[in-house]
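I have placed the structure first, in the form of structure tokens, so that the comments after it can refer back to it.
The values are calculated or read from the model by the stated rules, or taken from the named source; none is laboratory data. The structure displayed is predicted, hence computed values, not measured ones. Here Cβ is always computed from backbone atoms with ideal geometry, including for glycine, and neighbour counts include all displayed protein chains. All accessible areas refer to the heavy atoms of the entire protein, side chains included, with ligands and DNA or RNA removed. Shrake-Rupley method; radii C 1.70, N 1.55, O 1.52, S 1.80 Å.
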Amino acid sequence: ELEEESDHEVVMAVRRNIAYLIKAYERIFLDHVNKGECEAGICYRLFSAQCINACPAKINIPGYIALMYEGRDEEAYRLMRQNNPLSLICGKICARPCESRCRRGEIEQTVGVRALKHYAATAALDDHGFSEDKRPDNGKKVGIIGAGPAGISAAYYLIKSGYAVEIYEKYPVVGGMLALGVTSYRLDQSSIDREVKLIEELGLVIHTNTEVGKDIAFKDLKDKHDSILLATGCHIPNKFSGHLDNLEAAIDFLREVKLEDRKEVGHKVVVIGGGDVAMDAARTALRLGASSVDLVSLETYLQMPANDEEKEEAIKEGIRFHNGFGTKDIHEKDKKAHTITVKKVTGLYDLNNRFSPV
């Protein structure tokens, strides 16, 4: 109907505007129509609570808080796991977007959703009697490549539905970037293992130190299983250069610290980036003995994608932020990065709100 001609100039103008909006903001429209989600959190008729709409996993937050109020912590944890089998872990490190959309915060103070989640999960598991049921075995086998959040979550729902599941993990630990990227002071491996163990008790088999294509052939996996799920994540780092000894990717740095117990870092450290990985790298460098850590990001402080808690903690620890700058040149000396020249950012987004730094 938007393409139909009309003699009324106003009608045609409205149609053109609507067509433009649908094209420019197609994803947002589809989220409203197909998922019942509003990213801005202003379409109240789409959802029962603002916090649920803001939660990426759509956990029934008012529901589990109500159960906790009645002292039913185990039932609260079960309710969380319907949408997120890694609720204990999220209770430690979730960026808590739900709290920024808490209706109670409009009246007095935001509810501490993440802290409540962690408390209920811990209380349920500390009772040592937590167990779950699953559907009868349906005779089908699924192989999953990767034991990160995606692989573990998929395994949980598949096993609950009656499938036999085996995970093949390249590294000696499970958790993917939870285990290899999130720093130990925020999330220890024991917390990851504790929640994964619940899924193993349901029947999950995990093969660590098993790289597909090296330790086991992909063809053998296909022959062994009815379906294969690729959940390898994205461990490919961003690199400015491959020949400078002291210029490294944050993902590689964090993995070496957690997996290989790396203890050394440069005297003066510069971190380029403004996301959570950058924050973890900067704060870890400080803990390894760096005398100074400077962080350079394209975004302003408010635009930085890292969650507010991480940014605030980094500043408290003495990390210096240089916001609104991009890397122009990295100057080397004796095969090492010696100095960095930065350039001022005048704009991050174009007229269509696409990321396009100037």
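Just to be sure I understand, how many residues within region 97-114 are free of Cβ contacts under 8 Å to residues at least 40 places away in the same chain and under 18 Å from the mean Cα position of the chain (by Cα)?
Step one: of region 97-114, the residues free of Cβ contacts under 8 Å to residues at least 40 places away in the same chain are 104-110, 112, 114.
Then drop every residue that is not under 18 Å from the mean Cα position of the chain (by Cα), which leaves 114.
Here the count works out to 1.
Name the residue, out of 119, 64, that is open to solvent by 80 Å² or more (accessible area, probe 1.4 Å), touching an Asp or Glu at 6+ places or on another chain (Cβ under 9 Å) and assigned to a helix (DSSP H, G or I). I'd like the intermediate steps shown before the answer.
Working: 64 fails: open to solvent by 80 Å² or more (accessible area, probe 1.4 Å).
Answer to the check: 119.
Would you be able to say whether some residue in region 345-352 is outside any loop (DSSP other than H, G, I, E, B) and in contact with an Asp or Glu (Cβ under 6 Å, 6 or more places away or on another chain)?
Here is the first cut: in region 345-352, the ones outside any loop (DSSP other than H, G, I, E, B) are 349.
Going one step further and asking which of them are in contact with an Asp or Glu (Cβ under 6 Å, 6 or more places away or on another chain), we end up with none.
No, region 345-352 has no match at all.
Could you check, for region 76-88, whether at least one of its residues is open to solvent by 90 Å² or more (accessible area, probe 1.4 Å) and within 25 Å of residue 190 (Cα to Cα)? Quick ask: steps written out before the conclusion?
Let us first name the residues in region 76-88 that are open to solvent by 90 Å² or more (accessible area, probe 1.4 Å), namely 82.
Pick out the ones that are also within 25 Å of residue 190 (Cα to Cα) and you get 82.
Among the residues of region 76-88, at least one is open to solvent by 90 Å² or more (accessible area, probe 1.4 Å) and within 25 Å of residue 190 (Cα to Cα), which makes the answer yes.
For region 241-296, how many residues are in contact (Cβ under 8 Å) with a residue 24 or more places away in the chain, in a loop (DSSP other than H, G, I, E, B) and of a type outside the set (S, T, N, Q)?
16
Are there any pairs, at least 6 apart or on different chains, whose C-beta atoms fall under 7 Å, with the first in region 49-63 and free of Cβ contacts under 8 Å to residues at least 60 places away in the same chain and at positive phi and the second outside any loop (DSSP other than H, G, I, E, B) and surrounded by fewer than 22 Cβ atoms within 10 Å (Cβ to Cβ), and if so, which?
Going by the 7 Å Cβ cut-off, the qualifying pairs are 58/52.
Among the residues of region 67-116, how many are assigned to a loop (DSSP other than H, G, I, E, B) and in contact with a Ser or Thr (Cβ under 8 Å, 6 or more places away or on another chain)? Let's see the steps before the verdict.
Of the residues in region 67-116, the ones assigned to a loop (DSSP other than H, G, I, E, B) are 70-72, 82-86, 94-96, 101-102, 107-112.
Next, from what is left, pick out any that are in contact with a Ser or Thr (Cβ under 8 Å, 6 or more places away or on another chain): 84-86, 102, 110.
Qualifying residue count, region 67-116: 5.
Might you let me know whether region 122-134 holds any residue that is assigned to a helix (DSSP H, G or I), under 30 Å from residue 40 (Cβ atoms) and open to solvent by less than 30 Å² (accessible area, probe 1.4 Å)?
Going through region 122-134, the residues assigned to a helix (DSSP H, G or I) turn out to be 122-126.
Those left that are additionally under 30 Å from residue 40 (Cβ atoms): none.
Checked region 122-134: no residue is assigned to a helix (DSSP H, G or I), under 30 Å from residue 40 (Cβ atoms) and open to solvent by less than 30 Å² (accessible area, probe 1.4 Å).
What are the residues in region 327-340 that are in contact with a Ser or Thr (Cβ under 9 Å, 6 or more places away or on another chain) and either open to solvent by less than 50 Å² (accessible area, probe 1.4 Å) or of a type in the set (Lys, Arg) (or both), if any?
Restricting attention to region 327-340, the residues satisfying the condition of being in contact with a Ser or Thr (Cβ under 9 Å, 6 or more places away or on another chain) are 327-333, 337, 340.
Within region 327-340, 327, 328, 330, 333, 337 meet the criteria.
Determine which member of the set 309, 317, 332 is of a type outside the set (Ser, Thr, Tyr), touching a residue at least 40 places away in the same chain (Cβ under 8 Å) and under 27 Å from residue 95 (Cβ atoms).
Working: 317 fails: touching a residue at least 40 places away in the same chain (Cβ under 8 Å); 332 fails: under 27 Å from residue 95 (Cβ atoms).
Every option except 309 fails the conditions.
For region 274-323, which residues satisfy the criterion of being crowded, with 18+ Cβ neighbours inside 10 Å and touching a Ser or Thr at 6+ places or on another chain (Cβ under 6 Å)?
274, 280, 284, 304
Restricting attention to region 221-256, which residues are open to solvent by 30 Å² or more (accessible area, probe 1.4 Å), modelled with pLDDT of 95 or more and under 27 Å from the mean Cα position of the chain (by Cα)?
227, 228, 229, 230
Somewhere in region 184-203, is a residue open to solvent by 40 Å² or more (accessible area, probe 1.4 Å), touching a residue at least 12 places away in the same chain (Cβ under 8 Å) and aliphatic (A, V, I, L, M)?
Looking through region 184-203, none of the residues is open to solvent by 40 Å² or more (accessible area, probe 1.4 Å), touching a residue at least 12 places away in the same chain (Cβ under 8 Å) and aliphatic (A, V, I, L, M).
Just checking, how many residues over region 209-236 are touching a Phe, Trp or Tyr at 6+ places or on another chain (Cβ under 6 Å) and not hydroxyl-bearing (Ser, Thr, Tyr)? Steps first, answer last, please.
Going through region 209-236, the residues touching a Phe, Trp or Tyr at 6+ places or on another chain (Cβ under 6 Å) turn out to be 210, 212.
If we keep only those that are not hydroxyl-bearing (Ser, Thr, Tyr) too, we end up with 212.
Here the count works out to 1.
Looking at region 288-342 only, could you name the residues that are small (Gly, Ala, Ser) and within 25 Å of the chain's Cα centre (by Cα)? Even if it seems obvious, please write down each step before you answer.
Quick first cut of region 288-342, residues small (Gly, Ala, Ser) only: 289-292, 297, 306, 314, 318, 324, 326, 337.
Of everything in region 288-342, those that are small (Gly, Ala, Ser) and within 25 Å of the chain's Cα centre (by Cα) turn out to be 297, 306, 314, 324, 326.
Among the residues of region 257-273, write down those that are open to solvent by less than 60 Å² (accessible area, probe 1.4 Å) and under 23 Å from the mean Cα position of the chain (by Cα). Step through it out loud before you land on a result.
Taking region 257-273 first, the residues open to solvent by less than 60 Å² (accessible area, probe 1.4 Å) are 257-259, 262, 265-266, 269, 271, 273.
Passing the criteria: 257, 258, 259, 271, 273.
With the condition being over 16 Å from the mean Cα position of the chain (by Cα) and not charged (D, E, K, R), I'd like the helices (runs of 4 or more DSSP H) fully within region 135-218 carrying at least 2 qualifying residues. Give the steps one after another, and end with the answer.
Values: elements: 149-160, 177-180, 189-201.
Because the criterion is at least 2 residues that are over 16 Å from the mean Cα position of the chain (by Cα) and not charged (D, E, K, R), the helices (runs of 4 or more DSSP H) in region 135-218 that meet it are 149-160, 189-201.
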